[in-house]
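S.K.: One structure, as structure tokens, below. Some questions next.
Coordinate-derived values only; no laboratory data. What you see is a predicted model; the values in this text were computed from it and never measured. Positions of Cβ are backbone-derived with ideal geometry, glycine not excepted, and every protein chain shown enters the neighbour counts.
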Amino acid sequence: MQLKPPKSIRGKLALATCSMLTGMPQGANAAGADSPWELDTAVLYYSEKDRVEVVEPVVRLRKEIDDDEFISVRIVYDSLTGSSANGAIPTDQPQTFTSPSGHKTYTTDPNETPLDPTFHDARYALSAEWEKPLGELTRGVFSANASNEYDYMSLGVSAVVSRDFNLRNTTLTAGASYNADQVDPVGGVPVGLTNMPQFPAVKATEGDSDDKTVSELLLGVTQVVSRRTLVQLNYSFGSDSGYLTDPYKLLSVVNGATGELGTVIPGSEPYRYEKRPDTRDRHAVYWKTVHQLSDDVIRVSYRYYWDDWDITSHTLDFRYRYELRNRHYLEPHVRYYAQTEAEFYRHSLIDGESVEYASADYRLGEMTTTTVGLKYGFPTGKNGEFGVRAEYMVQSGDSTPDDAIGVQRQQDLFPDVEAVIFQLNYSLLF
């Protein structure tokens with residue numbers, strides 16, 4: 001199990017901007033009982049080579065209940081299986097780890113990245129949304145969400161208010177969201193930076209569960225530049241507080257001269273549980289342009305992110321919707337992502353050193369991710385559309401960082417992660 005990111009309100013404006021130029025149905029003219037239901041369904045398959053597999057079906061229903069007033073419900077189920085990197089470094093010897101429950105062990109082969117084969121999860125999520133005019137030029141979107149899995153529960157609410165100006169050519173938006181989460185790790189919440197005990201000893205814990213909160217604010221402006229062009233600019237601020245550590249991640253403890261696994265206290269293994277700060281402030285600036293050619297649509301976006309964990313990132317995304325005959329279309333997609341490492345990111349710890357925070361989670365390390373893909377869509381009858389998307393993703397980091405010691409230079413400390421993504425979606429007005 002890996003800790004899930006909070007539900008974000010940043011995507012609401014992006015989705016609205018896309019729909020303004022794609023020609024997709026936005027609801028019927030008649031309100032209330034005479035208006036049709038809008039059904040959107042999708043099934044996502046995500047698979048990392050030799051690692052995690054995810055299957056995620058999604059169903060969303062939306063209906064106009066009054067003039068320009070809508071309600072919608074969204075149901076999501078996630079199934080995750082496979083193996084996940086536990087944070088320890090590869091060595092030239094087999095490595096044995098105690099499972100998070102403490103009831104069994106698993107072994108990694110020499111020169112292989114340690115993967116936890118006990119990784120599995122199932123998540124159920126439900127959200128409801130109410131879109132309502134708050135005046136002639138003002139709209140509000142109010143939503144609530146809940147999700148649950150065997151070791152994590154999240155409850156949240158959000159509100160987004162938009163107001164039109166300049167003959168409806170300019171829209172200002174403000175939003176806020178709040179999530180309250182509870183973490184219930186298998187085997188309890190480990191004490192950060194304590195040694196993993198030898199099986200069958202019990203690890204030191206701070207209790208059975210812990211809490212965290214996630215708050216976000218958003219300010220945005222969307223401008224109609226011409227009949228064919230929209231530009232959007234958003235700023236968001238997020239504040240996380242509470243238990244932000246991944247309870248299943250470890251760090252290897254190594255000899256400072258040779259890089260080999262170091263000596264530890266009797267009755268424990270040369271691995272420590274990670275520990276992260278209990279607060280995190282996040283900022284992001286997002287820009288997007290949607291331009292319609294004679295028939296085709298181009299979408300280009302850029303996002304710059306920074307936080308007080310010393311992570312900065314750049315995300316560039318490009319989509320081109322190429323219209324074919326009879327409402328068929330192709331949509332190539334390219335995405336590039338690059339981030340710096342967190343200030344407490346370490347591929348390993350040196351035996352005897354004292355640190356306040358440390359994590360070897362590759363998601364906090366310096367890396368780049370490139371995604372390329374293609375979507376094909378076509379109508380099904382008068383009011384339906386079917387689409388299929390296929391993408392390939394590769395994530396790369398520094399395999400031999402400058403601070404690698406001795407035998408560590410013979411290992412790939414940040415192997416590439418390759419993944420394939422397939423998605424089927426179907427939309428219908430009925």
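S.K.: Report, to the nearest 10°, how far helix 11-22 tilts away from the longest principal axis of the Cα atoms in the chain, using its own Cα long axis and a range of 0 to 90°.
M.R.: The helix 11-22 is inclined about 40 degrees to the chain.
S.K.: Follow-up. So which trypsin sites (Lys or Arg not before Pro) in the stretch 201-253 pass both tests, a DSSP loop state and at most 11 other Cβ atoms within 10 Å of the Cβ? If you can, show how the numbers build up before the last one.
M.R.: Numbers: sites: K203, K212, R227, R228, K249; in loops: K203, R227, R228, K249.
Listed in order of number, the matching sites are R227.
S.K.: Thinking of the chain as a set of Cα atoms, what percent of all their pairs are more than 30 Å apart?
M.R.: On the way: 45442 of 92235 pairs.
Value for the chain (Cα pairs over 30 Å): 49 percent.
S.K.: Give K63/K375; K132/K375; K212/K375; K275/K375 a once-over and call out the pairs whose C-alpha atoms are over 29 Å from each other. Don't jump to the answer; show the numbers that get you there.
M.R.: Values: K63/K375 27 Å; K132/K375 32 Å; K212/K375 37 Å; K275/K375 41 Å.
The answer is K132/K375; K212/K375; K275/K375.
S.K.: Looking at the square roots a ≥ b ≥ c of the eigenvalues of the Cα gyration tensor of the stretch 119-231, which shape do they give, rounded for a/c under 1.5, prolate if a/b is larger than b/c, or oblate? Before the final figure, lay out the partial values.
M.R.: Values: a/c = 3.71, a/b = 3.04, b/c = 1.22.
In terms of gyration-tensor shape, prolate.
S.K.: Counting other beta carbons within 10 Å of each Cβ, put V214, V76, V231 in order, fewest first.
M.R.: Numbers: V214 23, V76 18, V231 15.
Fewest-to-most ranking of V214, V76, V231: V231, V76, V214.
S.K.: In Å, the Kirkwood hydrodynamic radius of the stretch 322-373 over pairs of distinct alpha carbons?
M.R.: Evaluated on the stretch 322-373, it is 14.6 Å.
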